[in-house]
Amino acid sequence: PAAIYRKDYTPPSHWISTVEMGFDLDPSATRVATRIVFERNHAGSDRTLTLYGDEVELVQLRMNGKALAKRAYQLEQGVLRIPSAPDDVVLEIETLIRPDRNTSLMGLYVSNGNFFTQCEAEGFRKITYFPDRPDVMAKYKVMLRADKRKYPVLLSNGNLIEQGDLGDGRHYALWEDPFKKPSYLFALVAGNLICQEEQIKLQSGRKALLQVWVEEGNLDKTQHAMASLINSIRWDEKRFGLELDLDRFMIVAVGDFNMGAMENKGLNIFNTKYVLANPRIATDVDYANIEAVVGHEYFHNWTGNRVTCRDWFQLSLKEGLTVFRDQEFSADMIGTDSGRAVKRIDDVRVLRQAQFPEDAGPMAHPVRPDSFVEISNFYTVTIYEKGAEVVRMYQTLFGRDGFRKGMDLYFERHDGQAVTCDDFRAAMADANGRDLAQFERWYDQAGTPRVSVTTRYDAGAHTYEMTLVQSGASTAGQEEKRPFLIPVSVGLLDGKGRDMPLSLGDAEEQPTTVVLELKARSQTFLFRNVMEKPVPSILRNFSAPVVLEYDYTDAELAFLMAHDSDAFNRWEAGQRLAMRRLLALTALSQSGDALQVDAALAESFSATLNDGELDPAFRETALNLPAETVVAEQMDVIDPQAIHAARRFLRQSLAKSLRPSLLNAYRDNAVNGPYSPDAASAGKRALRNLSLSYLGELDDEEIHALMQKQYDNANNMTDRMTALAALANSRAAGRAAALARFYSDFEQEPLVIDKWFSLQAMARTTDVAAVRKLMKHPAFSLKNPNRARSLIFSFCNGNPFRFHAIDGSGYEFWAEQVLALDALNPQVAARLARSLDRWRKYAPALREKMHAALKRVADSSRLSKDVKEVITKSLA
Ligand code: B3K
Ligand code: ZN
């Protein structure tokens, strides 16, 4: 399959004013009649009308009222071309599709007997032939017809214009979307569903109807999604002055879904995982994720839908921006400074755990890629999370108000248009009177930049010099990197741990945090009136997505961990201290020496754990050791077994020395009364459960009793899951019984059974043989993406110790599953295919076995282009 290049973009030959569609819904034969009104795009040179179709049967094609003769068009490999088309064209197309056989979950498909669509990025072409590209925007009118008993609810984008009976047991609904949209935002839902609904008054006084649609048995799980939707609407009004533009806004939950959710105009379709919640089935993290994803999809209504992408290379224009918006929303919903910091830390954790490795591997790509084979493979952590960091840097540079001005200008200029990342950058630049030419490099250079800092204090002159040197890591096809514009937020601590007032250059003000703008490869900044040698706090709040290198002593790190006013850097200091120990222990484990660790880390951790002034949520995150995959990133040659041994040893020794404090924290952070997912309660539960998980490492009877008691008495899923995970990773007598009881208690709740699979997949004792056994469980199915992810992905990505078993059994299993999944659902298979993409980094014995597994997949004769792209790039 050939790559598509960003430089090859050409505008379409024709625009579309209106699209009318009629669906006769039937699982085994759905007829789709489409009428498209085209008008010539005079800016384009070409007259060839180009439409795309994928696995659709073309029944009829009429142009301007007449059947189109076979010789008047070409149909090759899913591309339908009508050469020398007139300026004004009305095309009538009839297609036939089979939703019941659609296991790819793209286009129109059936899930549990109901119809759903997923069209982003290129799924609309699985419904009809169409100029399925985001810069072609049109107004849609959609008629749905179906059996009334089986499909009582018929939904599409926009407003319901008319509905009624057809007489023959069938009924219809006519929907009209008043806004122009690209085809990827089209949606329909038909089936047996019910909704929770609410009327709200918008900022302007207009009324809007909000609905959350689910299957019958789930109506007791919609409250949190509805509340999150209302909060999102209020937040966008307040923070960005953006109001809901429709009279009706719907969310629909579906159990079979490739990703998290989809922002179809007025009809968001969600994975059940990001809608359904009540205290019985959902954890604190689930509640937070639902709020974030509901927010994310809602915010797309402006950033993505009203202003959309010109082409798919611009994907981060909507995704990076919308992730940034949902991050800010979640932070504002918590409201406290420390809550905001914990949210920031969580987001940076994701970036380091997933995006940094991507940026250092064979799939590395810029935030605005130059080419792709399959666009579905580019819904990545780089596009989303690094993209959000890039957007955040505008706010760091210009402040909240400056950022808001940029957003206002962006909408003023581009509402209703399909635009590029350059347009967004230009709006930010113009609104703030700044030249942001250099900033483009964040969009076109891949790889994580490094910033190395050295300092020099002159006690006589009372000056402090800070020299920053940046270097960009070379990535495939981009050896040399030009310097980035990097905002580096800095503070200086005096001997008592207080922030010093900073005198930089000629500025009169003396703030305690300044943002240095690093533009050249190397730059020195001079602080004046520095009365004592400071400890620098660099890259506060993680002001840029870079790796920061500074030669801190252990004592300085402990000092920062205890005193830094910037909560992010307090956390960071602890992580650096822990990382040093983890790397040293990993080396000891590799050389076969006895593992041992000094008391310094335990002392710092103890101080944090016992500091009642600190928010429990912050203490929890500060005491959580860097993940095994994050440690792996620090090594030239990855040795998963040694990393696991090191991390486990460190957890055990911390548990031993902190046992009394951990027991105290466990007791003191009990949350009484009915469950509430608010940040304060969730924070206490998190600290209490982290304490239990550390104590679990001691694996003795007193702790087993604690786990068992928590399991038996839990009144919410967070506590229950933590207790079950602790039991599953222990030798406790009640281990097997608890797992069995959990299953039978929640057999009717698919999302909870996903957790049951996933917890076992990640347990220390679970090897490949155990995973294969779980796959034989009647509740397992490869066809349901959530279920496949809960077991197979959790094992391959979440259990590095067992997955990287030295006999290579994990890799053989991986190859089998990639191939099996690929036959059903290429998008999901291609995600799993990524699990081995960093094979070159591993110790030779593992590397060879990984290579063999990759070859085995590569040699298959029937790979989808999704999987083929990932495997080819991994082997390149
Ligand atoms: N825009 C969708 C992602 C679609 C993925 C298609 N393979 C969800 C989101 O980012 O909000
Ligand atoms: Zn999105």
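The values are calculated or read from the model by the stated rules, or taken from the named source; none is laboratory data. Please read all numbers here as calculations on a predicted model, not as lab measurements. Cβ atoms come from the backbone with ideal geometry, glycine included; neighbour counts cover every protein chain shown.
Some notes on this structure:
- Among the candidates ARG456, ARG400, the residue that is of a type in the set (Lys, Arg) and either surrounded by 20 or more Cβ atoms within 10 Å (Cβ to Cβ) or in a strand (DSSP E or B) (or both) is uniquely ARG456.
- Test set (1) within 22 Å of LEU242 (Cα to Cα); (2) of a type in the set (A, V, I, L, M); (3) buried (at least 24 other Cβ atoms within 10 Å of the Cβ) - VAL367 fails condition number: (1)
- Verdict on SER790 being of a type outside the set (Phe, Trp, Tyr) and in contact (Cβ under 8 Å) with a residue 12 or more places away in the chain: yes
- Qualifying residues in the stretch 284-338 (those that are among the β-branched types (Val, Ile, Thr) and within 19 Å of the chain's Cα centre (by Cα)) - the one nearest to ligand 2 (Cβ to nearest atom): THR322
- Residue check, VAL373 within 16 Å of ligand 1 (Cβ to nearest atom), touching a residue at least 60 places away in the same chain (Cβ under 8 Å) and in contact with a Pro (Cβ under 7 Å, 6 or more places away or on another chain): yes
- If the condition is being more than 14 Å from ligand 1 (Cβ to nearest atom), crowded, with 24+ Cβ neighbours inside 10 Å and over 25 Å from ARG787 (Cα atoms), then the stretch 254-309 contributes only GLY266.
- Scanning the stretch 533-542 turns up one or more residues that are modelled with pLDDT of 95 or more, assigned to a strand (DSSP E or B), surrounded by 19 or more Cβ atoms within 10 Å (Cβ to Cβ) and under 32 Å from the mean Cα position of the chain (by Cα).
- Lone unmet requirement of (1) more than 26 Å from TYR274 (Cα to Cα); (2) outside any helix (DSSP H, G or I) for LEU695: (2)
- Residues that are assigned to a helix (DSSP H, G or I) and without any contact (Cβ under 8 Å) to a residue 12 or more places away in the chain within the stretch 841-876 comprise PRO844, ARG847, GLU848, listed in sequence order.
- Residue identified as assigned to a loop (DSSP other than H, G, I, E, B), out of contact with any His (no Cβ under 8 Å at 6 or more places or on another chain) and not polar (S, T, N, Q) among ALA725, ALA779, ALA736: ALA779
- Out of ALA2, ALA33, ALA29, sole residue that is small (Gly, Ala, Ser) and modelled with pLDDT under 95: ALA2
- Any hit, the stretch 26-42, residues being within 30 Å of VAL870 (Cβ to Cβ) and either surrounded by 14 or more Cβ atoms within 10 Å (Cβ to Cβ) or aliphatic (A, V, I, L, M) (or both): no
- Residue match in the stretch 271-278 (condition: within 16 Å of ligand 2 (Cβ to nearest atom), over 25 Å from VAL110 (Cβ atoms), in a helix (DSSP H, G or I) and of a type in the set (Ser, Thr, Tyr)): no
- Residues (aliphatic (A, V, I, L, M) and closer than 27 Å to SER111 by Cβ) located in the stretch 784-828: ALA788, LEU791, ILE792, VAL818, LEU819, ALA820, LEU821, ALA823, LEU824, VAL828
- When LEU751, LEU739 are screened for being closer than 16 Å to MET707 by Cβ and in contact with a helix residue (DSSP H, G or I) (Cβ under 8 Å, 6 or more places away or on another chain), only LEU739 passes.
- Filtered residue count, the stretch 32-71, keeping only those that are acidic (Asp, Glu), closer than 14 Å to ILE127 by Cα and assigned to a loop (DSSP other than H, G, I, E, B): 2
- Hits in the stretch 234-270 (condition: in a loop (DSSP other than H, G, I, E, B), touching a helix residue (DSSP H, G or I) at 6+ places or on another chain (Cβ under 6 Å) and farther than 22 Å from THR117 by Cα): LEU242, GLU243, LEU244
- Residues (surrounded by fewer than 18 Cβ atoms within 10 Å (Cβ to Cβ) and polar (S, T, N, Q)) located in the stretch 480-525: GLN510, THR512, THR513, SER522, GLN523, THR524
- Condition check for ALA388: out of contact with any Phe, Trp or Tyr (no Cβ under 6 Å at 6 or more places or on another chain), surrounded by 21 or more Cβ atoms within 10 Å (Cβ to Cβ) and of a type in the set (A, V, I, L, M): no
- Reported count of residues in the stretch 421-435, each being surrounded by 20 or more Cβ atoms within 10 Å (Cβ to Cβ) and within 29 Å of the chain's Cα centre (by Cα), is 5.
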